[in-house]
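Trainee: Supplied in structure tokens, the structure appears directly below.
The values are calculated or read from the model by the stated rules, or taken from the named source; none is laboratory data. Just so you know, these numbers come straight off a predicted model, no measurement behind them. Cβ atoms come from the backbone with ideal geometry, glycine included; neighbour counts cover every protein chain shown.
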Amino acid sequence: MPVRKYLPGAIAIASMLSTPAFAGDQPPAWLPPLAESAAPSPALGDNFDPLTGSLPAGPIHRSGWQGFYVGGQLNYTAGSADFSKATQGPVAFNLRNTTVEQNEMPSSWQVLGTGTRTAAGFGGFVGYNFEYLTPNAKVIMGFEANYEQASLSFYAPSSTITRFLPNEQDLVTISGSGSVTDLNYGTLRARAGLALGNFLPYVFTGFALGRANVNIAETTVLVQESTTPFEVFPFSGSKGMNGQWLYGATVGTGLDVALTPNIFLRGEYEYVQFQRAAGTTIELNTARVGAGFKF
């Protein structure tokens, strides 16, 4: 019968359509190619995010902090100059041969007070970082030189003191003035920080060197009322000099943020105290922002 004649061929064609064979993971020529949207999805962890889909290929940027760097910064400084002991030396020298100083010590009287000042400035820095890998973190250590063009000036509030010394039958009057002008300074620091990807929080300490005009002046008038007529002895003295060097120490903390492998931003706080110069102690509190380039 005609049906039996074509039955074997029909069975063979049905078998081919139901179980196609692929060679080399390619579809047979008679089927259309798979569209890109039908391509297999990447495995999880292979630059794939379950929420956003495939991520761009390539490593995520992480900054390396080791090497030389330079930069510039803007700063805002609040400082003080304590002149309370500034007149002690000149007064003691003027009255060194008198019983007034030996018994009453007028040189210890506080004639001058503390002057304060705030000012904005600018500066620059240069340094070098070393990287140390530990089992738990990457430690950054280094050295940095920092300069501040602050041009700070401080002026002492003054109060003339007049006292009668009954034991000596003397009247003593002391007046004075004090100033620190055009103060600029630099620091040499040792730094230590912890690398947290593109963030580098750090602390530092070091040596501070400043230069300023320091001028202290005093006038002492001694009136001996035990004599007739009264005898008046005026004295004057001064301390300090223009262009005087100031030596001190610095401590502080900051944060560097890498924008690219070579460019970073900086925020910082610094405290500086200078050793007493001409009887005057200077303290500075500075906040600054800056940017740097790492080689």
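Trainee: Residues to consider are Tyr202, Tyr247; find the one that is loosely packed, with under 15 Cβ neighbours inside 10 Å and in contact with a strand residue (DSSP E or B) (Cβ under 7 Å, 6 or more places away or on another chain). Don't jump to the end; show me each part of the working.
Mentor: On the way: Tyr202 fails: loosely packed, with under 15 Cβ neighbours inside 10 Å.
None of the others qualify; the one that does is Tyr247.
Trainee: So, in the range 147-176, of the ones that are closer than 19 Å to Gly254 by Cβ and touching a residue at least 60 places away in the same chain (Cβ under 8 Å), which residue ends up surrounded by the most Cβ atoms within 10 Å (Cβ to Cβ)?
Mentor: This residue is Glu148.
Trainee: Could you list, ordered by first residue, the pairs with Cβ atoms under 7 Å in which the first is in the range 177-194 and more than 30 Å from Thr87 (Cα to Cα) and the second is part of a strand (DSSP E or B) and acidic (Asp, Glu), at least 6 apart or interchain?
Mentor: Arg189/Glu144; Arg191/Glu144
Trainee: Can you say whether Thr260 is out of contact with any Pro (no Cβ under 7 Å at 6 or more places or on another chain), of a type in the set (S, T, N, Q), under 27 Å from Gly64 (Cα atoms) and part of a strand (DSSP E or B), as far as the supplied structure shows?
Mentor: Details: out of contact with any Pro (no Cβ under 7 Å at 6 or more places or on another chain): yes; of a type in the set (S, T, N, Q): yes; under 27 Å from Gly64 (Cα atoms): yes; part of a strand (DSSP E or B): no.
Spelling it out, it is not the case that Thr260 is out of contact with any Pro (no Cβ under 7 Å at 6 or more places or on another chain), of a type in the set (S, T, N, Q), under 27 Å from Gly64 (Cα atoms) and part of a strand (DSSP E or B).
Trainee: Please determine, by comparing only the residues of the range 104-128 that are touching a Leu at 6+ places or on another chain (Cβ under 8 Å) and closer than 25 Å to Phe235 by Cβ, which one is surrounded by the most Cβ atoms within 10 Å (Cβ to Cβ).
Mentor: This residue is Pro106.
Trainee: OK, next. Restricting attention to the range 98-116, which residues are outside any loop (DSSP other than H, G, I, E, B) and touching a residue at least 40 places away in the same chain (Cβ under 8 Å)? Please lay out each step first, then the result.
Mentor: Narrowing the range 98-116 to residues outside any loop (DSSP other than H, G, I, E, B): 99-104, 106-108, 112, 114-116.
Selection gives Thr99, Val100, Asn103, Glu104, Pro106, Leu112, Thr114, Gly115.
Trainee: While we're on this one: Across the range 194-243, which residue is farthest from the chain's Cα centre (by Cα) among those that are under 25 Å from Gly279 (Cα atoms) and among the aromatic types (Phe, Trp, Tyr)?
Mentor: Phe233
Trainee: Sticking with this one: Before we move on, is Gly206 of a type outside the set (A, V, I, L, M, F, W, C) and at pLDDT below 95?
Mentor: Values: of a type outside the set (A, V, I, L, M, F, W, C): yes; at pLDDT below 95: no.
It is false that Gly206 is of a type outside the set (A, V, I, L, M, F, W, C) and at pLDDT below 95.
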